[in-house]
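The values are calculated or read from the model by the stated rules, or taken from the named source; none is laboratory data. From a predicted model like this one, the values you see are computed outputs, not experimental measurements. Heads up, the Cβs are rebuilt from the backbone with ideal geometry, glycines too, and the neighbour counts pull from every protein chain shown. Accessible surface is based on the protein model in full, side chains and every heavy atom, while ligands, DNA and RNA are left aside. Shrake-Rupley method; radii C 1.70, N 1.55, O 1.52, S 1.80 Å.
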Amino acid sequence: MTVIRSVLRGCGSYLPERIMSNEDMTEIVDTSDDWIVERTGIRQRHVAHADEKTSDLAINAAKRALEMAGIEGDDLDLIVVATATPDETFPATATTVQAALGMTKGFAFDLQAVCSGFVYALATADNFIKAGQVKRALVIGAETFTRILDYEDRTTCVLFGDGAGAVVLEAAEGAGKASDQGILSSHLHSDGRFHDMLYVDGGPSSTGTSGHVRMKGREVFRHAVVNLAAVVDEALQAVGLESSDIDWLVPHQANRRILDGTAKKLNLSTEKVVVTVDRHANTSAASIPLALDEAVRDGRVKRGDLLLLEAMGGGFTWGACLLRW
């Protein structure tokens, strides 16, 4: 029995030129390099210039993904941009990307699931492909998260950075087996009861402002390790595989301790975990595609490798995607 699979044909990423080290952060807020590294593993982050918008980051990442895939913007049927920091309330940042890439057919929209956004967007595009509604899709995670930070709150402002990552999906026939290339399984969850653990204290219909990130870090950490390990098990069981079959875990880059805790629960060697949090910090929806692109381009991820992508974000939202590169 043949099935339609969403095969990843290319990936790309973009990081703003400006780098802010932990030492730079000490000039803004009462903190230290040792304090930040010990609690998060973060040593630096990239910060968008004042004239750089989320769409600018997304467009740069998209162009690199299209180049690797060997296609043009007008070959696309769908663009999904996962972001919590859009250019404007409307229209969707995805339509700005669409125009810049010269895509004149199909459709484009934004998706908001904060740090889980890329996994949500990947699953959404995969379902459009499996339904036969589109043949090629561009999925982007892009954020200018530093624009919504409170630089008087040292518990949050040191955690985040800006960036964008993208992948190109294309419909292809598979055998319906775990050995197929492409997306094998996606699993999404949310639980709105935990709103107050991680949120932004603003919005068009509440305060009329963009607001700032607020977080109860200890509670988020506790839920993250449990929820992520559970959804990873769910994804593996769905296709009859075990954690030992995973070649690479490509997780949301929130905190080094969360990455290590998740790997431990899965009995997975830390050498199989793609880690960029030390250099990128938490780039929300952009973190997974940024990490994926780095690992593909430096040769770690090879065709045929089994990848497990997972993330948790405000809402709470969380999810995992199992795919073969």
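Consider segment 1-40 and keep the residues that are touching a helix residue (DSSP H, G or I) at 6+ places or on another chain (Cβ under 8 Å) and open to solvent by 60 Å² or more (accessible area, probe 1.4 Å). The one that is nearest to THR144 (Cα to Cα) is ILE28. Note on segment 248-273: among residues that are among the charged types (D, E, K, R) and either touching a helix residue (DSSP H, G or I) at 6+ places or on another chain (Cβ under 7 Å) or farther than 20 Å from ASP293 by Cα (or both), the one that is modelled with the lowest pLDDT is LYS265. The listed residues are LEU266, LEU307, and the only one of them that is assigned by the TED database to the domain that holds LEU198, without any contact (Cβ under 8 Å) to a residue 40 or more places away in the chain and within 17 Å of VAL119 (Cβ to Cβ) turns out to be LEU266. Could you tell me whether ALA235 is in the same structural domain as ASP77 (by the TED database), outside any loop (DSSP other than H, G, I, E, B) and either at positive phi or open to solvent by less than 20 Å² (accessible area, probe 1.4 Å) (or both)? So ALA235 does not fit the description; no.
Considered as a group, the residues in segment 99-118 that are of a type outside the set (Lys, Arg) and open to solvent by 50 Å² or more (accessible area, probe 1.4 Å) include one that is farthest from THR317 (Cα to Cα), and that residue is THR104.
Across segment 260-279, the number of residues qualifying as open to solvent by less than 10 Å² (accessible area, probe 1.4 Å) and in a helix (DSSP H, G or I) comes to 3. Under 21 Å from ARG154 (Cα atoms), of a type outside the set (Ser, Thr, Tyr) and open to solvent by less than 30 Å² (accessible area, probe 1.4 Å): does that describe VAL213? So VAL213 passes the test.
Evaluated against (1) part of a loop (DSSP other than H, G, I, E, B); (2) more than 22 Å from the chain's Cα centre (by Cα), GLN253 falls short on exactly one condition, (2). Look at (1) closer than 20 Å to SER186 by Cβ; (2) open to solvent by 10 Å² or more (accessible area, probe 1.4 Å); (3) more than 15 Å from the chain's Cα centre (by Cα); (4) not polar (S, T, N, Q) and you find that ILE246 fails only one, number (2).
Screening GLY208 with (1) in contact with a Ser or Thr (Cβ under 9 Å, 6 or more places away or on another chain); (2) at pLDDT 95 or above; (3) not hydroxyl-bearing (Ser, Thr, Tyr) gives one miss only, at (1).
Table: residues versus (1) closer than 28 Å to GLU23 by Cα; (2) open to solvent by less than 30 Å² (accessible area, probe 1.4 Å).
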{"site": "ARG43", "(1), (2)": "yes, no"}
{"site": "ALA50", "(1), (2)": "yes, no"}
{"site": "THR85", "(1), (2)": "yes, yes"}
{"site": "VAL97", "(1), (2)": "no, yes"}
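SER186 meets the conditions (1) surrounded by fewer than 24 Cβ atoms within 10 Å (Cβ to Cβ); (2) over 15 Å from the mean Cα position of the chain (by Cα); (3) more than 30 Å from ASN22 (Cα to Cα); (4) not acidic (Asp, Glu) in every case but one. The failed one is (2). A Cβ distance below 6 Å, combined with a sequence gap of six or more or placement on separate chains, defines the contacts here; from segment 280-300, residues that are touching a residue at least 40 places away in the same chain (Cβ under 8 Å) and open to solvent by less than 10 Å² (accessible area, probe 1.4 Å) reach residues that are acidic (Asp, Glu) and not in a helix (DSSP H, G or I) in the pairs THR283/GLU143; SER284/GLU143; ALA285/GLU143; ALA286/GLU143. Within segment 29-58, the residues that satisfy the criterion of being part of a helix (DSSP H, G or I) and not acidic (Asp, Glu) are TRP35, ILE36, VAL37, ARG39, THR40, THR54, SER55, LEU57, ALA58.
Yes/no matrix, rows are residues, columns are (1) at pLDDT 95 or above; (2) in a loop (DSSP other than H, G, I, E, B); (3) among the small types (Gly, Ala, Ser):
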{"residue": "CYS11", "(1), (2), (3)": "yes, no, no"}
{"residue": "GLU17", "(1), (2), (3)": "yes, yes, no"}
{"residue": "ASN60", "(1), (2), (3)": "yes, no, no"}
{"residue": "ALA65", "(1), (2), (3)": "yes, no, yes"}
{"residue": "ILE71", "(1), (2), (3)": "yes, yes, no"}
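Could you say whether any residue in segment 219-231 is of a type outside the set (Ser, Thr, Tyr), part of a loop (DSSP other than H, G, I, E, B), free of Cβ contacts under 8 Å to residues at least 12 places away in the same chain and over 27 Å from GLU67 (Cβ atoms)? There is no residue in segment 219-231 that is of a type outside the set (Ser, Thr, Tyr), part of a loop (DSSP other than H, G, I, E, B), free of Cβ contacts under 8 Å to residues at least 12 places away in the same chain and over 27 Å from GLU67 (Cβ atoms).
For segment 34-57, the candidate set comprises residues that are over 18 Å from the mean Cα position of the chain (by Cα) and of a type in the set (A, V, I, L, M, F, W, C); within that set, the residue that is farthest from ALA281 (Cα to Cα) is ALA50.
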